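Data block below; observations after.
Taken together, the values in this text are just the output of simple stated rules run on the coordinates, not laboratory data. Only a predicted model underlies this, so the values are computations on that prediction, with no experimental measurement involved. Here Cβ is always computed from backbone atoms with ideal geometry, including for glycine, and neighbour counts include all displayed protein chains.
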Amino acid sequence: MDTDFYRMKRLPPYVIAEVNGLRHAARREGRDIIDLGMGNPDQPPPAHVIEKLCEVARKPSAHGYSQSRGIPGLRRAQANYYGRRFGVDLDPETEVVVTMGSKEGLASLANAITAPGDVVLAPNPSYPIHTFGFIIAGATIRSVPTTPNEDYWRALDNAMAFTVPRPSVLVVNYPSNPTAEVVDLAFYERLVAWAKENEVWVLSDLAYSELYFDGNPTPSIMQVPGAKDVAVEFTSMSKTYSMAGWRMGFAVGNRALIAAMTRVKSYLDYGAFTPIQAAACAALNGPQDIVESNRLLYHKRRDVMVEAFGRAGWDIPPPPASMFAWAPLPPALKAMGSLEFSKQLLEHAEVAVAPGVGYGEEGEGFVRIAMVENEQRLRQAARNVKRYLASVT
């Protein structure tokens, strides 16, 4: 039988998985690897959220199928969050759907609105689902820059002028994963106007909305009047509430896109486990101390990492948001390339990072560093890096 499956042919080897495999092997050997590769929070969710999970899980009625689009209380809680945080009114019945993390949400919407041969504009470098969610659905990707400067807008206009068929979807992600770049509300205002003029759907990934530093809150595209005409936005509880493994996220915005996504999801899943959805309600509706606490935690780790790695001989620009730093390779090792550098760093410094090329060809020359270890471990990583750099430069 033919095993040369169509979609498998469209998926290249997952570069980041290669480094992850080496990390797992090293740990099996008993080596103390400082893992700054995966964005996996090391803090637990708030106690009241875990208590709500257990409380609802003890109910005999809580173990059946749930609702694919999310229980009503959770959709209302997300709508209320947008009202508090962004001053945006959302109808929880028609403009909010619960997803199993923003990653699943993006993939479900890609399958709902993409036909084979459609052209999608996606940033490069970017988180893999921003491109491969659409590639799996049959689309063709045209890359645009991640950095939101005038070159970005020229790239958008060129894509509309010279691509056949004309692109129908644009993906944006700020704060960016992996580059941590941010935008202001004026950017989104210009983007909504551009999308309306060019009849392009905008999918905004706002997973890092609450991890902003230096007193500059991140905006939402939904704050722009008329954004609902062209946009859907994805958020996640993974980083904000330290609930990554719970797989809780949301899509909000344009009713037609939300309806299409909801319809596809109804064929694919029965929704997240009801006790998890109830606990997510408790997170969104209850005390919000953890939001500020996590923001301060990653802010402090950022400062420690930048200072310690700088003293080790590796200058890293301080990220303005997210839980990642986008670090250029040390100049003396730039020719090595990000994948080989990541392997060598793992082998000789026992520090795991994510190679930039895993986020697209424009990510070459960088690695992504996740600030998911405590300050002591970050300083230890810097000492290990210093010894490695001294041995090769």
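Distance from the Cα centre of the stretch 325-393 to that of the stretch 197-224, in angstrom?
Here the two parts' Cα centres lie 29 Å apart.
At 7 Å along the Cα-to-beta-carbon direction for both Arg10 and Arg311, put a label point, then send me their distance in nm to one decimal.
Label at Arg10, label at Arg311, 5.0 nm between them.
Multiplying the sequence separation of Asp91 and Ile50 by 0.36 nm and subtracting their Cα-Cα distance, what value in nm do you get?
Residue separation times 0.36 nm, minus the Cα-Cα distance, leaves 12.0 nm.
Please work out whether the stretch 30-137 counts as rounded, prolate or oblate from its C-alpha gyration tensor, where a ≥ b ≥ c are the square roots of the eigenvalues and a/c under 1.5 means rounded, while otherwise a/b larger than b/c means prolate and anything else oblate?
Oblate.
Treating cross-link reach as a plain straight distance, find the lysines whose alpha-carbon is under 30 Å from the alpha-carbon of Lys239, omitting any fewer than eight places away in the same chain.
Lys52, Lys59, Lys103, Lys228, Lys265, Lys300, Lys343, Lys386
Taking amide H atoms as placed 1.01 Å from N in the peptide plane, list the residues 5 or more away in sequence, or in a different chain, whose amide H sits under 5 Å from that of Thr140.
Amide H neighbours of Thr140: Gly117, Asp118, Val119, Val120.
Sorting Thr3, Thr262 on the 10 Å Cβ count, fewest up front, what's the list?
So the ranking, lowest neighbour count to highest, is Thr3, Thr262.
Tell me, Arg7, Arg142 in order of fewest to most beta-carbon neighbours within 10 Å?
Arg7, Arg142
With springs only between Cα atoms under 10 Å, which of Gly73, Gly64, Gly87 fluctuates most in a Gaussian network model of the chain?
Highest fluctuation of the listed residues: Gly64.
Using only DSSP helix segments of four residues or longer, with each worth -39500 (n - 2.57), what per-residue ellipticity at 222 nm results for the chain after dividing by its residue count and rounding to 500?
-14000 deg cm²/dmol
Where is the GNM fluctuation largest for the chain (alpha-carbon springs, 10 angstrom cutoff): Lys265, Lys334, Lys343?
Between Lys265, Lys334, Lys343, it is Lys334 that shows the largest mean-square fluctuation.
Build a GNM of the chain with springs between Cα atoms under 10 Å: which of Tyr14, Tyr127, Tyr188 gets the top mean-square fluctuation?
Highest fluctuation of the listed residues: Tyr14.
Return Thr179, Thr131 ranked ascending by Cβ neighbour count within 10 Å, so the fewest neighbours appear first.
Thr131, Thr179
Viscosity 1.567 mPa s, temperature 4 °C: give me the Stokes-Einstein translational D for the chain in µm²/s, with Rh taken as the Kirkwood radius over C-alpha pairs.
My calculation gives 59 µm²/s for D.
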